[in-house]
Amino acid sequence: MLNAILSLGSALTFAAGQELAPRKPFPADVGSGRIARFDITTSNMAQSRGFYAKLFDWSFAPVEGTDQAVEVIA
């Protein structure tokens, strides 16, 4: 019985390892320690864009289909 349990455990460990696909590398701007997306809520888009442009030297691109959001170009 002990041999059957050990054999089953070994088989499951081996099978689980075989199912893992190799990881693809992240693009240079995505990955651990990198911000991918965040929201800054505002009631005055123009004033906020000016503020963050001066503070962080950001520029902004329109988001297609809405005038309620912009994409930050850092």
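What follows draws every value from the coordinates through simple rules; no lab data is involved. A quick note: this is a predicted structure, and the numbers were derived from the prediction, not measured. For neighbour counting, all protein chains shown are included, and Cβ atoms are generated from backbone atoms with ideal geometry for every residue, glycine included.
Once fully extended, how much extra length lies between V30 and A69, figured as 0.36 nm per residue of separation less the alpha-carbon to alpha-carbon distance?
The V30-A69 span can extend by a further 11.9 nm.
Order of 30-43, 57-70 by packing, highest average Cβ count within 10 Å first?
57-70, 30-43
Points 7 angstrom from Cα along the Cβ direction at I40 and F60: gap in nanometres?
0.8 nm
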